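Report on the following structure.
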């Protein structure tokens, strides 16, 4: 069974490019445009990994990660953060996030797929 990725980014171009690359690599991909949609998604479905932009309107990636990782069903879902910002987790986020990784923008879709594979393998 193919692993399921939730791709969360407010930039439709980034979502399109990454979804295409991930699907080509054999992953099932669902999309959300911000943190609120990501949290809502997990009320109805599940995913094996989240790729999440940090800077988004309505609810940023760190806030969404805090929210998702306080729930029993989603607290162990690894997150690959995409950011143009500092790539260290804020101190109040570190205790609630398990496996995670960062890629700074600009990045290549190939790097995203490699990071996804490593996170899913538990590396």
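Checked against the criterion of being touching a helix residue (DSSP H, G or I) at 6+ places or on another chain (Cβ under 9 Å), modelled with pLDDT of 85 or more, assigned to a helix (DSSP H, G or I) and surrounded by 12 or more Cβ atoms within 10 Å (Cβ to Cβ), the candidates 47, 114, 65 yield just one match: 65.
Please work out if residue 81 is out of contact with any strand residue (DSSP E or B) (no Cβ under 6 Å at 6 or more places or on another chain) and either at pLDDT 90 or above or not in a loop (DSSP other than H, G, I, E, B) (or both). Judged against the criteria, residue 81 is not a match.
Out of 60, 48, one residue alone is under 12 Å from the mean Cα position of the chain (by Cα) and in contact (Cβ under 8 Å) with a residue 60 or more places away in the chain. It is 48.
The values are calculated or read from the model by the stated rules, or taken from the named source; none is laboratory data. Please read all numbers here as calculations on a predicted model, not as lab measurements. Counting neighbours? That spans all protein chains shown, and the Cβs are built from the backbone with ideal geometry, glycine included.
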